[in-house]
Amino acid sequence: MKNILVTGAAGGVGTRLRSLMKGLYPSILWSDIRKPDDLAADEAFQAADLSQMPQVEKIVAGVDGIVHLGGFSVEGPWDTILQNNIVGTYNMFEAAYRAGVKRVVFASSNHAVGFYPRDKRIGINMPVRPDSRYGVSKAFGEAIGALYADKHGLRVTCLRIGNVGDVPLDQRRLAIWLKPEDLVQLIQIGLEHADIKYEIFYGASDSAAGWWDNSNARRFGYRPLGKADEFHDQAMAAQAKLPPDPIGDLFQGGPFSSNEYDAGRNS
Ligand code: 15L
């Protein structure tokens, strides 16, 4: 992998990756709908609106591998999700295929499976249970990734990312925390491992409280450096300050599950 494109360069995760991935590949093109305020002089950047195919075609030209983070990163109105995440992700896969890109690492999310209860340990062979329109768009991304892998031989890795940050912020994030360096490790497996065809990995560091069986990532050599348990007491202290969320606290997706929840309305 020589020429890498990373979409979503101005977002929270993209901003962290810009420093962590520096020098990892001979050429990295960073893209987003707007230029990051803190873009360094040695960072190559090209703006693109992912909902516009001609703009996507421009950024994928000559690229070997794509890390697709771009899109709307939380719950939003349907049209926002549709344009940014569904049309945008379709455009990215289709343009990648047309341009002969070899690999895509797709930033999926824990919210593709956010309606699993917290007391259920899940692997990658369970049906998706999205907790939001955002989660549905991530399930769509995983599905279209499978289509391009199975039909066209694109090598696709979907990362069901938990929560990327310096530390786990509360009880839910204790279970799904992803140390930024561990995200880089997962990205490198997706871009480089010889046996990748279509894979789903959970984007989580080690946690005794974790809900996910991440043995598929481990099979490809993933060895997380982050140990969420080291932050157990501070995460639980932060949790104690939060108001109870009777629905969100039951489900893996937390507030994404309880937002707009009215499942009992007709009973
Ligand atoms: C995500 O998928 C979001 O992109 C991020 O902003 C966080 O909300 C994260 O999930 C989370 O579940 O904490």
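Taken together, the values in this text are just the output of simple stated rules run on the coordinates, not laboratory data. Given the structure is predicted, the values throughout are model-derived calculations rather than measurements. Here the Cβ positions follow ideal geometry from the backbone for every residue, glycine too, while neighbour counts run over all protein chains shown.
Descriptive notes on the structure:
- For residue 116, residues with placed amide H under 5 Å, excluding near neighbours: 252, 253
- Measuring against 21 Å, Cα to Cα, the residue pairs 2/151; 2/102; 22/58; 58/102 contain 2/151; 22/58 as the ones spanning a longer distance.
- Rounded, prolate or oblate (a/c below 1.5 giving rounded, otherwise prolate when a/b exceeds b/c) for the chain by Cα gyration tensor: prolate
- Using a Förster distance of 30 Å, the FRET efficiency for residue 37-residue 242 (Cβ separation, nearest 0.05): 0.50
- Trypsin sites (Lys or Arg not before Pro) restricted to DSSP loop in the stretch 17-115 with at most 13 other C-beta within 10 Å: 22, 34
- For the stretch 211-228, putting each phi into the Karplus relation 6.51 cos²θ - 1.76 cosθ + 1.60 with θ = phi - 60° gives couplings of 9, 10, 8, 9, 5, 5, 5, 5, 4, 8, x, 5, 10, x, 8, x, 10, 4 Hz, in residue order, rounded to whole numbers and with x for Gly and Pro.
- Phi-based couplings in Hz for the stretch 102-107 (Karplus 6.51, -1.76, 1.60; Gly and Pro marked x): 8, 9, 10, 9, 9, 7
- Count Lys and Arg as plus one, Asp and Glu as minus one, and take only other residues whose Cβ is under 14 Å from that of residue 248; the net charge is then -4.
- Loop GluC sites (Glu not before Pro), the stretch 43-99 (other Cβ atoms within 10 Å of the site Cβ: 16 or fewer; DSSP): 43
- For the stretch 243-251, Karplus couplings with θ = phi - 60° (6.51, -1.76, 1.60), whole Hz, Gly/Pro x: x, x, 10, x, 8, x, 6, 7, 10
- As a rough footprinting exposure proxy, the listed residues 13, 104, 167 were ranked by other beta carbons within 10 Å of their own, and the order from fewest upward is 167, 13, 104.
- In this structure, the amide hydrogen of residue 157, modeled 1.01 Å from its nitrogen in the peptide plane, lies closer than 5 angstrom to those of 104, 105, 106, 199, counting only residues at least 5 positions away or on a different chain.
- Against the chain, whose longest principal axis is taken from its Cα atoms, helix 180-192 shows a tilt of about 50°.
- For residue 202, nonlocal amide neighbours, meaning residues 5 or more places apart or on other chains whose placed amide H falls under 5 Å from its own, are 160, 217.
- Around residue 56: net Lys/Arg minus Asp/Glu count, Cβ-Cβ under 14 Å: -2
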